[in-house]
1. Anything in region 194-205 that is over 11 Å from residue 30 (Cβ atoms) and touching a strand residue (DSSP E or B) at 6+ places or on another chain (Cβ under 6 Å)? List them, or say none.
2. Conditions: (1) at pLDDT 95 or above; (2) outside any loop (DSSP other than H, G, I, E, B). Residue 196 meets all but one. Number of the miss?
3. Could you pull out the residue among 143, 99 that is part of a helix (DSSP H, G or I), on the phi < 0 side of the Ramachandran plot, surrounded by 15 or more Cβ atoms within 10 Å (Cβ to Cβ) and in contact with a strand residue (DSSP E or B) (Cβ under 6 Å, 6 or more places away or on another chain)?
4. Counting just the residues of region 117-128 that are crowded, with 16+ Cβ neighbours inside 10 Å and modelled with pLDDT under 85, which one comes out farthest from residue 51 (Cα to Cα)?
5. Can you tell me which of 134, 148 is touching a residue at least 24 places away in the same chain (Cβ under 8 Å) and closer than 22 Å to residue 186 by Cβ?
6. Quick check on this structure: which one of 114, 59 is outside any helix (DSSP H, G or I), surrounded by 18 or more Cβ atoms within 10 Å (Cβ to Cβ) and either at pLDDT 95 or above or within 22 Å of the chain's Cα centre (by Cα) (or both)?
7. Considering (1) over 30 Å from residue 127 (Cα atoms); (2) touching a helix residue (DSSP H, G or I) at 6+ places or on another chain (Cβ under 6 Å); (3) in a loop (DSSP other than H, G, I, E, B), say which one residue 51 fails and leave the rest.
8. Being over 16 Å from residue 192 (Cβ atoms) and either modelled with pLDDT of 50 or more or touching a helix residue (DSSP H, G or I) at 6+ places or on another chain (Cβ under 8 Å) (or both) is the filter; apply it to region 215-239 and report the residue that is surrounded by the fewest Cβ atoms within 10 Å (Cβ to Cβ).
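The values are calculated or read from the model by the stated rules, or taken from the named source; none is laboratory data. Since the model is a prediction, treat every value here as computed from it, not as a measurement. Every residue, glycine as well, gets a Cβ built from its backbone with ideal geometry; the counts of neighbours run over all protein chains shown.
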C-alpha cells in the first residue's frame, strides 16, 4: 500500500503547491485524483513517482519509507509513471521502447495487442522512431502502452491520459483501464477531469488549493461532483475538447 503522510511541496521559487496532503491509496484499486486546474494534482502525481521530492512529510510503500527515493529507484520497486507530456527518444523505435519497458523481446502478436489497446496499429507504428515525426497524441498513446506492458509495475500512475487522444482511442483506453482494474490486481492512480474515467474508479480524491478536499468511494464522491458547482472543474464532456 502507498501512504502519503502530511506531504508538502514548494516550487524552487518558494510557491506552496502541495500543502499537507495525507492519503492512503487503496491497494489493487483504481483511484482517480481530480480537481481544478492548478490545484496540485499533477505535482502530487510527480511526488508519488519520485520526479519531485517533498519539502515535508513522509511517503511509505508497504510500510517502507520511500520519501527520498528518486524516480529510478521507485520504478525498480514497482511504481510506473506516464507523463502528461510524453518524453521523446530520438533513435529508439516504438518496438525498442516497449521491449525496454517489458524487459524482454516482444512477439509480433503481443506487440499488436499492446498497441491496439491504445488505438494504434502495430504494423504502422512498431518501426517508427520516437521523435518529432510523431504527434503529441501518438506519443501519449505509446507512452501509456509502455506503462501497461511493465511487468513489475504494481502501482501505475497516469497523468491525464485522455489528453490528445481521439474518441475511438479513448474508448479503447477506458476498456484497458477496466481490464487492468478487474484482472491485474494492480493499483491504478489516474489524474483526470474526465467523467468517463471517474465513472470506472473505485475511489475518487478531490484535490484543490494544494489540499485534499475529499476522498471516498466513487458512489459517494462522483454524485457530489456532478450535482455541485463544477465551475472550478475542467468541464470536459468529450475527449475532442482538450484543456479548460
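1. The one that is over 11 Å from residue 30 (Cβ atoms) and touching a strand residue (DSSP E or B) at 6+ places or on another chain (Cβ under 6 Å): 205.
2. Tallying (1) at pLDDT 95 or above; (2) outside any loop (DSSP other than H, G, I, E, B), residue 196 fails exactly one: (1).
3. Every option except 143 fails the conditions.
4. 122
5. 148
6. Only one candidate passes the filter, namely 59.
7. (1)
8. So, considering only residues that are over 16 Å from residue 192 (Cβ atoms) and either modelled with pLDDT of 50 or more or touching a helix residue (DSSP H, G or I) at 6+ places or on another chain (Cβ under 8 Å) (or both), the one surrounded by the fewest Cβ atoms within 10 Å (Cβ to Cβ) is 227.
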